[in-house]
Each structure stands twice: as structure tokens, then as C-alpha cells.
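Asker: I have a structure I would like to understand better, so I am pasting it below and will then ask my questions one at a time.
What follows draws every value from the coordinates through simple rules; no lab data is involved. Source: prediction; values computed, not measured. Note: ideal-geometry Cβ built from the backbone for every residue, glycine included; neighbour counts use all protein chains shown.
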Amino acid sequence: LPRQHFAAGQEIFAQGDRGDRAYFIDRGAVEISTDKAGRKVVLARLGSGELFGELALINQQTRSATAVAVEDTEVVSINAEQLDAAIKTANPLLRKLLQVNLGRFQWTQQFMLQHADTVDARQPLEQKARRDLATEKEIQQAIEEQQFELHYQPIISMRGGQTIGFEALLRWRHPRRGLVYPTEFIPLAERTGQIVAIGRWVLGEALNALKAFQMLVGRGSGPRPPLTALAEAAPEPAPRSRTPLFMSINISARQLFELQEIDAIGDAVMASGVDPKQVKLEITESLLVDDPVHAQAAIQLLREYGMRIALDDFGTGYSSLSYLHQFPMDTLKIDQRFVSTMGRDPKSYRIVRAIVGLAEELGMETIAEGIERNNQLAALREIGCDAGQGYLMSRPASFREARRLLQQ
Ligand code: C2E
Ligand code: CA
Ligand code: CA
Ligand code: CA
């Protein structure tokens, strides 16, 4: 592997450069900094034995930070091809370790960059990695001790205003920190692979809840009344609906990596006795982007089990209309970023209208998320969006609260 020497003050790479290699510090010291709105923010100061620039090994994007030798420094570098060659010849255990650790590094770097203004930016990367490791252990414990719970947010028909389903949302009842939200631990659980075990639990729990909710509604005597927020706005009285409730369940791309795991999902649904048509799996575009060929097979298999597929967060990230064409999906979920601005921004309004129109053309159903205001609800209804969820109608509720909502 190439060995390079840098004098004090010499740049190793600059923010904006195309990255193709990672560096290991054999001797010396390196400062990692980033430019935030014209201001230099030091992210880390690294010494011998430490690694930097490894993001380039995962995807060869441009460097998001600058690396400068702060004293006489000697580094060894490795590029993606060399790493690939090494991984290919490594035994499976070593390969797995490498993958997990690269994922962890990537997460740590992204975290550092995102929080460069708020956290102590000089905190070494190593400390972050250590904290990740501690969290990873805590997640393991949470799985074993069942510290997770699901909350259920009602999904409402735009026409009648009645609850037609729920989205299951994960929470971690942490022994010290209290209720922890998924955005705080799912990214790590995805990188460590723990999301697979968590996902299995989520599926079982959500299926049980769905059975309970369906039974409750089936037993109920009258029609399900609209939730209060919709009561005045509903253009027509809630029709007596015989359609059973559905459950929307979030699935990480990581859970669909192995076809075996997909079969496990299918088997769990079959064994639960729930009609698979009433199970909607929410996937995100990243699954489709990262490996379209595999994604197609995965979605196909899930649909063969009779489950429905929803594309979550539509309109964010990589969003490409061609996906809608390429992948057979039942539902489009319109991201709350559009919904939150559509009341005041005509452009958002038109985007949502176009999305809903397109979905209709393709025979897909639309669900809008993050509805917080009456004008958003009215606009979505005008556009012809099929269903929605949001704080305006109901926040995600505990199992007992959700049951009570259905009984009202
Ligand atoms: P998501 O799938 O986009 O879920 C919608 C998020 O928006 C939820 O956040 C929900 O509580 C929130 N929300 C709902 N209505 C409103 C509203 O009117 N206003 C605002 N501001 N927010 C609203 P939450 O529960 O924190 O979940 C965050 C993300 O975590 C989810 O985003 C999803 O990507 C992920 N997630 C949640 N549960 C699971 C799970 O069981 N498995 C996996 N893999 N991911 C999950
Ligand atoms: Ca979702
Ligand atoms: Ca979403
Ligand atoms: Ca429609």
C-alpha cells in the first residue's frame, strides 16, 4: 500500500475533492475540518493509529471535509479497488466485520458533519464510535428485554373521514432516557443489522394489534364516526364501511436484503390469520436506488404473499418518477415536507396535485402524511388525495388509546 509523507501545514485532501481513498496515520497528526457557511469548523484532530477519509471507500462522493497535516506526518492509504480485493479474499467473518465497521464509520462521519455546529466538534471520532458501540449494546438489551413498543397513528379516508387503517410507529421505552424516538436509534440499528431482529418483533406486534383492532370494529354496532377534526369538514357523512382496517408497517431496506427474511415476513403474516391484503409494507426509495434488481425481486415476492406495498416519503431524496413505472406498488405516501408547505406555497400545492394525478393514472392510492392544519386537509381533499394522517386528526397513539379511538 502506498505510503506518503506530509509536512506540517500540508493539505492531504480538500473539501470538494473527489475522494477515492482512506488514510491510516502511521506517524504524526491530522486535523479534519469543514467549511460551514464560510466558517472553518474543526471536526477532529487525529493521531497515529487513526483512520480518516474512509467515506470514500463506501461511495466515491466528493470530500465533505478537509484534511491537513498539523505536524510531520506519514500516512498509508488504501483505495476502493484495493479494499474490494482485500474483502473478496477475506474469510466471511472478516468480511462481515469489515462491512459492519465501515457502516459505523460512515454513520459517525455523517453525524459529525450534521452536528458540526451543535456538538463539541473537536470531540474525536473515536469517542463517537465508542458511544455507538455502547448504544449498540443497549439496543441488544432492548431487544432481549422487550423495551420496544409500537404506537399507532390513524389513517383517515379523505372522503368519509373515518379511520381506515393505522401506521405502526416504533418507540423505545428506555430505562433511563424515557421514550426514545426511532430517528434516534434506527439509523444505527440499520448499520449494525439489529433492525432485522427489531423488525421481526415490530411485525409480530403490529399483526396482533391489527387483529385486535379489526375485531373491535367488526363487533361495533354503528358506523365508525369521523374523528372530530374531520367532523365539520367532511363533505359527506361517513359511509358505513365494511372494509376491514389495514396496518401500515415500516420496513428498512436492510430487512429485505435476504430473500429468506422476506419469506419469514410472509410466513408470519400467513400464520397470524390476518388477511395479507390488509398488511401494507412501507418501503423507501433508497431500497429501489441502491439495488433496483434485488428490490424488484423483493417487492415481487412480498406481493406474491398478497401484501400491499407503499412507497414512503415520496418526493424526497432520490425520487424518480421512473420508479413508479418500474416497481409495482399499491400506495404512494406523500411526504410531510410537501404537505406542510402546500397551504402557503403554490408550488408545493401543484407538486402534490401532480403526484396525486400521476398516482391515479397508475392506479395507485395516495396517502398524505403530516397533516397539521385544516387548510392542508382541505387542499388535499380538493386535489383528490385518498387518505391522510397527521396531528390534526390524531398523533400516534398507544395501543390502548388507539383502541379507545376506535370505540368512540
Ligand atoms: P415515517 O415513516 O415518515 O413516519 C412518519 C413520522 O411522522 C412519524 O415519526 C410520525 O410520528 C410523524 N408524524 C405523523 N403525523 C405528523 C404531523 O402531523 N406532524 C409532524 N411533524 N409529524 C408527524 P416517528 O414516529 O418519529 O418516526 C420517524 C421515522 O422512523 C419514520 O418516518 C420511519 O421512517 C421510522 N420508523 C418508525 N417506526 C419504524 C419501524 O417500526 N421500523 C422501521 N424500519 N422504521 C421505523
Ligand atoms: Ca412510514
Ligand atoms: Ca413517511
Ligand atoms: Ca383519488
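Asker: Between beta-carbons, use under 11 Å as the cut-off and find the net charge around I351, counting Lys and Arg +1, Asp and Glu -1. The partial results should precede the final answer.
Answerer: Numbers: positive: R337, K347, R350, R353; negative: D335, D345.
Once positives and negatives cancel, what remains is +2.
Asker: If you don't mind, another one. Can you tally the net charge around L302? Count Lys and Arg as +1, Asp and Glu as -1, for every other residue whose Cβ sits under 14 Å from the Cβ of L302.
Answerer: Working: positive: K277, K280, R303, R308; negative: E258, E261, D263, D267, E282, E304, D330.
Neighbour charge sum, excluding L302 itself: -3.
Asker: Something else about it: What is the local net charge at F257, summed over the other residues whose Cβ is closer than 12 Å to its Cβ (Lys, Arg +1; Asp, Glu -1)? Could you put the intermediate results ahead of the total?
Answerer: Details: positive: R254; negative: E190, E258, E261, D290, D291.
Charge balance in the 12 Å sphere: -4.
Asker: What is the calculated FRET efficiency for R337 to E361, with r their C-beta to C-beta distance and R₀ = 22 Å, to the nearest 0.05?
Answerer: 0.45
Asker: Tell me, how many Å apart are the Cα centres for the stretch 392-408 and for the stretch 33-84?
Answerer: One Cα centre to the other: 49 Å.
Asker: Sort R39, R159, R350 so the one with the fewest other Cβ atoms within 10 Å of its own Cβ comes first. Write down the numbers at each step before the final one.
Answerer: Working: R39 9, R159 16, R350 12.
Result, fewest neighbours first: R39, R350, R159.
Asker: Leaving out same-chain residues fewer than 8 places away, which aspartates and glutamates sit with a Cα under 19 Å from that of K137?
Answerer: E126, E145, E149, E184, E190
Asker: Still on this model: What distance in nm separates the two pseudo spin-label positions at R344 and K211, each 7 Å out from Cα along the beta-carbon direction?
Answerer: 4.8
Asker: Treat each spin label as a single point 7 Å out from the Cα along the C-beta direction, and report the E145 to D17 distance in nm.
Answerer: 4.6
Asker: Ok, one more. For a quick check: sort K128, K280 by the number of other beta carbons within 10 angstrom, fewest at the front.
Answerer: Working: K128 20, K280 23.
Placing the least packed residue first, the sequence is K128, K280.
Asker: Would you mind ranking M364, M247 so that the residue whose beta carbon has the fewest other beta carbons within 10 Å leads the list?
Answerer: Least crowded to most crowded, the residues run M364, M247.
Asker: If you don't mind, there's one more thing I want to ask. Among the aspartates and glutamates, which fall within straight-line cross-link reach of K333, defined as a Cα-Cα distance under 14 Å, with same-chain neighbours fewer than 8 residues apart omitted?
Answerer: Within the straight-line limit of under 14 Å, K333 reaches these aspartates and glutamates: E167, E282, E285, D312, D313, E360, E365, E369, D386.
Asker: Excluding residues fewer than 8 places away in the same chain, name every one of the aspartates and glutamates whose C-alpha is closer than 13 Å to that of K277.
Answerer: By straight Cα distance, K277 reaches E304, D330.
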